[in-house]
Amino acid sequence: MTIYKAPLEDVRFILNDVIGASGLADMPDNKTVESVLGEAARFCEDVLLPLNVSGDFEGCSQDADGNVRVPKGFADAYADFCKGGWAGVSCGKECGGQGRPLLLNFIVSEMISGANMSFGLYPMLSHAAYKTIEKHASDELKKIYMPKLVEGTWTGTMCMTEAQAGSDLGLIRSMAEPLDDGSYKITGEKIMITAGDHDLAENIVHLVLARLPGALPGVRGISLFLVPKIFPDSGKRNAVRCSRLEDTTGIRASAVGAMAFDGAKGWLVGDAGKGVRCMFTMVNETRMMVGLQGIGVAEACYQNAAAYAKERVQMRSISGAKFPKQPADPILVHPDVRQKLLTMRSLTEGCRALALLAGREFDVSMRDADPKRRAKAADFVALMIPVVKAFGTDMGFDSANAALQIFGGHGYIRGNGIEQYLRDVRVAMIYEGTNGIQALDLVTRKMSQDYGRLLRSFVQPAVTFLAAEKDNKALANYRSVFLSAFNKFQMASLYVSTRGAVDPDEAGTGAADYLRILAYVALGFMWLKMARAAASKLAQGSAGTSFYEAKLRTADYFFSRMLPQVHAHYRALITGAKPIMDFPAEDF
Ligand SMILES: Cc1cc2nc3c(=O)[nH]c(=O)nc-3n(C[C@H](O)[C@H](O)[C@H](O)COP(=O)(O)OP(=O)(O)OC[C@H]3O[C@@H](n4cnc5c(N)ncnc54)[C@H](O)[C@@H]3O)c2cc1C
């Protein structure tokens, strides 16, 4: 049986002492935040965690009439989720939501993913659908659909992928034919659609990319349509059905299906030909949420592996028996096991701090009164979305892999729950744009904007922080390691932007290394901030000494063993495109 405890102490530390979230518009006071997060933790630990393994074993099913059913217990858990108002935490008050910052939703999403990643996908897509409708749909559509998504009685989907169109949305073939009443007739098949059909909610709101007749080829010819499963006015079924459930490797309690639109009635969202741009409202939020899935699963894997390493006894420590009265020492004494645990822990905590800082800036970019502050925050978010998504999910998978290794053969056996983490989190590296596409997005779109304007949204605060903390003795050991990595990051940025401008293959072949360099340096910045806060708390004699001491020891590990990875990635990056692109296709 797996364990999971919501990482409330760490979240509290990041919110209050590292990123300072109390100034956000509509952020409740500390006492209310405590009670919201405490309640979310209880729901995740008591309701969602017990359904994780059983949901994986049972999976979703489809009856002879094509109706999709979720595993036992999920419908009740979802009803509890809606009753608790969780679907509307950061939705507008005018639609029945609580109007709280998205940051709170991010924190809750991480916890849900740590307890039960499959469950979390249903509300994740609904919330992103709500945001897309809020930003781009007509008032009439908003009035009908938003309050139901806020209640959670209707859920949302994101219908982009087709058999021939995955990363390349320009290849989409689904068609939308205008009808006399101003609506559209949608025809085509979407595949691998998460929450495409299920029995959790009364209705499903599909957001579908399709082409109008005579539309331009490529992405500029694609528009976005809202297609309900059931018409809200008549209660009749629309011509959309789940043509098959996909037999997925993991997240087996998430209903992922191929969806057939057989002349289904839909309504245009946003302007014609601007569908992909509108869909990116949804994609930007879900990419962050997917990064949080990686972090949530990594946290769960760490907790399980650390507990097991203390319990499981095998062989003696190489430096002599540590528990001579026992037949063998706990595997925690072995350097290889410790190293795996500390890698998991230092990256999970670093990624969480970065994701929550990006979450705070997400809110600032949407709610701050100062337009300049909003624009700066939007730059930081745009820069960090591919980093949080790709690095957070790579790290989630690596952590699941390390946890399985720590459990040895027991981790490989189904039912112990550990191999499930590996299968579940694997998809997070693929959907919402593969991690390869995230790296490409970073080097081709994000870096080049306005001569590196987005990069400056990270570089400037880091430089300001370093200057302000130059005499802080608590950071003395970390500062030079950070500066050396930061310097390599600047050199890598210059290399990719100048060489990439002349030869795009230079940008393409360096993309994954560059994303990792930025990720490690951004985590380094967060670890500096965390170390400063922990040292200051210890100096003040605040309660919770062991938490702050452990933070500083984890920082020691990060700066000595993880941040120097930047140098290896830099070395690989500057070897350039030649060894990769000159390899003849026929020799593969
Ligand atoms: C469980 C699950 C749930 C999903 N849920 C949804 C959903 O709800 N809605 C939805 O619309 N889709 C969904 N998808 C689809 C998912 O978004 C796609 O699988 C993903 O975008 C990749 O597309 P593809 O599988 O066609 O791979 P391809 O696009 O064929 O890519 C194959 C490989 O080529 C690489 N590649 C492609 N182009 C480039 C390039 N230019 N540079 C570098 N590398 C490149 C990719 O990184 C990848 O490694 C889901 C998929 C799964 C598995």
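Out of all the residues in the stretch 550-562, is one or more within 21 Å of residue 438 (Cβ to Cβ), within 26 Å of the chain's Cα centre (by Cα), of a type outside the set (Asp, Glu) and surrounded by 14 or more Cβ atoms within 10 Å (Cβ to Cβ)?
As a first pass, look at the stretch 550-562 and keep what is within 21 Å of residue 438 (Cβ to Cβ): 562.
Subset that is within 26 Å of the chain's Cα centre (by Cα): 562.
Okay, now just the ones that are also of a type outside the set (Asp, Glu), so 562.
When the remaining residues are screened for being surrounded by 14 or more Cβ atoms within 10 Å (Cβ to Cβ), the result is 562.
For the stretch 550-562, residues within 21 Å of residue 438 (Cβ to Cβ), within 26 Å of the chain's Cα centre (by Cα), of a type outside the set (Asp, Glu) and surrounded by 14 or more Cβ atoms within 10 Å (Cβ to Cβ): present.
On the given criteria, is residue 93 within 22 Å of residue 28 (Cα to Cα) and either within 16 Å of the ligand (Cβ to nearest atom) or surrounded by fewer than 18 Cβ atoms within 10 Å (Cβ to Cβ) (or both)?
Details: within 22 Å of residue 28 (Cα to Cα): yes; either within 16 Å of the ligand (Cβ to nearest atom) or surrounded by fewer than 18 Cβ atoms within 10 Å (Cβ to Cβ) (or both): yes.
In short, yes.
May I ask you to list pairs of residues, at least six apart or on different chains, whose Cβ atoms are under 8 Å apart, with the first in the stretch 299-327 being within 20 Å of residue 6 (Cβ to Cβ) and the second being among the small types (Gly, Ala, Ser) and part of a loop (DSSP other than H, G, I, E, B)?
Cβ pairs passing all conditions: 304/417.
Condition first: at pLDDT 95 or above and within 16 Å of the ligand (Cβ to nearest atom). Can you find one or more residues in the stretch 212-220 that meet it?
Yes, because at least one residue in the stretch 212-220 is at pLDDT 95 or above and within 16 Å of the ligand (Cβ to nearest atom).
Pull up the stretch 155-171, narrow it to residues that are part of a helix (DSSP H, G or I) and in contact (Cβ under 8 Å) with a residue 24 or more places away in the chain, then point me to the one that is surrounded by the most Cβ atoms within 10 Å (Cβ to Cβ). Write out each step before concluding.
Here is the first cut: in the stretch 155-171, the residues part of a helix (DSSP H, G or I) are 169-171.
Checking which are in contact (Cβ under 8 Å) with a residue 24 or more places away in the chain leaves us with 169-170.
Details: 169: 17, 170: 14.
Looking at residues that are part of a helix (DSSP H, G or I) and in contact (Cβ under 8 Å) with a residue 24 or more places away in the chain, I get 169.
Step by step: first the residues of the stretch 184-204, then only those that are within 21 Å of residue 138 (Cα to Cα) and touching a residue at least 60 places away in the same chain (Cβ under 8 Å), then the one that is farthest from the ligand (Cβ to nearest atom). Which residue is that?
Residues of the stretch 184-204 that are within 21 Å of residue 138 (Cα to Cα), as a first pass: 184-186, 203-204.
Right, trim to touching a residue at least 60 places away in the same chain (Cβ under 8 Å) and you get 184-186.
On the way: 184: 19, 185: 20, 186: 14 Å.
In this case the residue turns out to be 185.
Check 515, 454, 483 and return the single one that is within 16 Å of the ligand (Cβ to nearest atom) and assigned to a helix (DSSP H, G or I).
On the way: 454 fails: within 16 Å of the ligand (Cβ to nearest atom); 483 fails: within 16 Å of the ligand (Cβ to nearest atom).
Being within 16 Å of the ligand (Cβ to nearest atom) and assigned to a helix (DSSP H, G or I) holds for just one of 515, 454, 483, which is 515.
Taking the conditions exactly as written (touching an Asp or Glu at 6+ places or on another chain (Cβ under 8 Å), surrounded by fewer than 21 Cβ atoms within 10 Å (Cβ to Cβ) and either charged (D, E, K, R) or not assigned by TED's automatic domain parsing to the domain that holds residue 24 (or both)), does residue 69 satisfy them or not? Working first, answer last.
Values: touching an Asp or Glu at 6+ places or on another chain (Cβ under 8 Å): yes; surrounded by fewer than 21 Cβ atoms within 10 Å (Cβ to Cβ): yes; either charged (D, E, K, R) or not assigned by TED's automatic domain parsing to the domain that holds residue 24 (or both): yes.
Judged against the criteria, residue 69 is a match.
Just one of (1) under 30 Å from residue 100 (Cα atoms); (2) surrounded by fewer than 24 Cβ atoms within 10 Å (Cβ to Cβ) trips up residue 422, so point out which.
In the conditions (1) under 30 Å from residue 100 (Cα atoms); (2) surrounded by fewer than 24 Cβ atoms within 10 Å (Cβ to Cβ), residue 422 misses (1) alone.
Read through the list (1) farther than 30 Å from residue 410 by Cα; (2) charged (D, E, K, R); (3) surrounded by 23 or more Cβ atoms within 10 Å (Cβ to Cβ), then give the number of the only condition that residue 17 fails.
(3)
Residue under question is residue 110, and the condition is that it be charged (D, E, K, R) and buried (at least 23 other Cβ atoms within 10 Å of the Cβ); does it hold?
Details: charged (D, E, K, R): yes; buried (at least 23 other Cβ atoms within 10 Å of the Cβ): yes.
It is true that residue 110 is charged (D, E, K, R) and buried (at least 23 other Cβ atoms within 10 Å of the Cβ).
Hey, any hits in the stretch 489-505 for a residue that's on the phi > 0 side of the Ramachandran plot and either buried (at least 22 other Cβ atoms within 10 Å of the Cβ) or over 24 Å from the mean Cα position of the chain (by Cα) (or both)? Before the answer, list the steps.
Taking the stretch 489-505 as the starting set, the residues that turn out to be on the phi > 0 side of the Ramachandran plot are none.
Checked the stretch 489-505: no residue is on the phi > 0 side of the Ramachandran plot and either buried (at least 22 other Cβ atoms within 10 Å of the Cβ) or over 24 Å from the mean Cα position of the chain (by Cα) (or both).
Testing residue 6 on (1) part of a loop (DSSP other than H, G, I, E, B); (2) surrounded by fewer than 22 Cβ atoms within 10 Å (Cβ to Cβ), one condition comes back false. Which one is that?
All conditions are met except number (2).
Tally the residues that are among the charged types (D, E, K, R) and over 30 Å from residue 557 (Cα atoms), restricting the search to the stretch 344-387. If you could, list the steps in order and put the result at the bottom.
Taking the stretch 344-387 as the starting set, the residues that turn out to be among the charged types (D, E, K, R) are 345, 349, 352, 360-361, 363, 367-368, 370, 372-374, 376, 379.
Within this subset, residues satisfying the condition of being over 30 Å from residue 557 (Cα atoms) are 363, 367-368, 370, 372-374, 376, 379.
Matching residues across the stretch 344-387 total 9.
When only residues in the stretch 136-166 that are of a type in the set (Val, Ile, Thr) and within 8 Å of the ligand (Cβ to nearest atom) count, which is nearest to the chain's Cα centre (by Cα)?
Taking the stretch 136-166 first, the residues of a type in the set (Val, Ile, Thr) are 144, 150, 153, 155, 157, 161.
Imposing the further condition that a residue be within 8 Å of the ligand (Cβ to nearest atom) reduces the set to 157, 161.
On the way: 157: 17, 161: 19 Å.
My answer is 157.
Report yes if residue 464 is more than 20 Å from residue 13 (Cα to Cα), modelled with pLDDT of 95 or more and within 16 Å of the ligand (Cβ to nearest atom), otherwise no. First the steps, then the outcome.
On the way: more than 20 Å from residue 13 (Cα to Cα): yes; modelled with pLDDT of 95 or more: yes; within 16 Å of the ligand (Cβ to nearest atom): no.
No.
Looking at (1) farther than 15 Å from residue 514 by Cα; (2) of a type outside the set (Val, Ile, Thr); (3) surrounded by fewer than 23 Cβ atoms within 10 Å (Cβ to Cβ), find the lone condition where residue 436 falls short.
Here residue 436 meets the rest and fails (1).
Just give me the residues in the stretch 398-419 being within 21 Å of residue 112 (Cβ to Cβ) and buried (at least 23 other Cβ atoms within 10 Å of the Cβ), in sequence order.
Within the stretch 398-419, 399, 400, 403, 418 meet the criteria.
Please find, among 225, 231, the residue that is crowded, with 19+ Cβ neighbours inside 10 Å and either within 15 Å of the ligand (Cβ to nearest atom) or not assigned by TED's automatic domain parsing to the domain that holds residue 83 (or both).
Details: 231 fails: crowded, with 19+ Cβ neighbours inside 10 Å.
Matching residue, one of 225, 231: 225.
Results for (1) outside any helix (DSSP H, G or I); (2) modelled with pLDDT under 95, shown as yes or no for each residue.
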residue	(1), (2)
282	no, yes
295	no, no
322	yes, no
328	yes, no
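Would you pick out the residues in the stretch 10-34 that are of a type in the set (Val, Ile, Thr), in contact with a helix residue (DSSP H, G or I) (Cβ under 6 Å, 6 or more places away or on another chain) and part of a helix (DSSP H, G or I)?
Here is the first cut: in the stretch 10-34, the residues of a type in the set (Val, Ile, Thr) are 11, 14, 18-19, 32-33.
So of that shortlist, the ones also in contact with a helix residue (DSSP H, G or I) (Cβ under 6 Å, 6 or more places away or on another chain) come out as 11, 14, 18-19.
Correct list: 11, 14, 18.
If the requirement is being free of Cβ contacts under 8 Å to residues at least 12 places away in the same chain and of a type in the set (Ser, Thr, Tyr), which of these qualifies: 412, 421? Can you show your working first?
On the way: 421 fails: free of Cβ contacts under 8 Å to residues at least 12 places away in the same chain.
Result of the check over 412, 421: 412.
Of the residues that sit in the stretch 173-183 and are surrounded by fewer than 23 Cβ atoms within 10 Å (Cβ to Cβ) and not in a loop (DSSP other than H, G, I, E, B), which one is nearest to the ligand (Cβ to nearest atom)?
If we filter the stretch 173-183 for residues that are surrounded by fewer than 23 Cβ atoms within 10 Å (Cβ to Cβ), which is where we start, we get 173-175, 177-183.
Filter once more, so that each one left must be not in a loop (DSSP other than H, G, I, E, B): 175, 177-178.
On the way: 175: 17, 177: 21, 178: 24 Å.
Filtering first and then ranking leaves 175.
Would you mention how many residues in the stretch 182-228 are under 23 Å from the mean Cα position of the chain (by Cα) and of a type in the set (S, T, N, Q)?
Of the residues in that region, 1 qualify.
For the stretch 241-255, which positions are of a type in the set (Lys, Arg), assigned to a loop (DSSP other than H, G, I, E, B) and away from the ligand (no atom under 11 Å from the Cβ)? Break it down stepwise before answering.
Let us first name the residues in the stretch 241-255 that are of a type in the set (Lys, Arg), namely 241, 244, 252.
When the remaining residues are screened for being assigned to a loop (DSSP other than H, G, I, E, B), the result is 252.
Matches in the stretch 241-255: none.
If you scan the stretch 402-447, which residues turn out to be within 16 Å of the ligand (Cβ to nearest atom) and outside any helix (DSSP H, G or I)? So that I can check it myself, show each step before the final result.
We begin by selecting, within the stretch 402-447, every residue within 16 Å of the ligand (Cβ to nearest atom); these are 420-447.
Of everything in the stretch 402-447, those that are within 16 Å of the ligand (Cβ to nearest atom) and outside any helix (DSSP H, G or I) turn out to be 430, 431, 432, 433, 434, 447.
The values are calculated or read from the model by the stated rules, or taken from the named source; none is laboratory data. Treat the numbers as computed from the prediction; the structure is a model and nothing was measured. All Cβ positions, glycine included, derive from the backbone under ideal geometry; neighbour counts span all protein chains shown.
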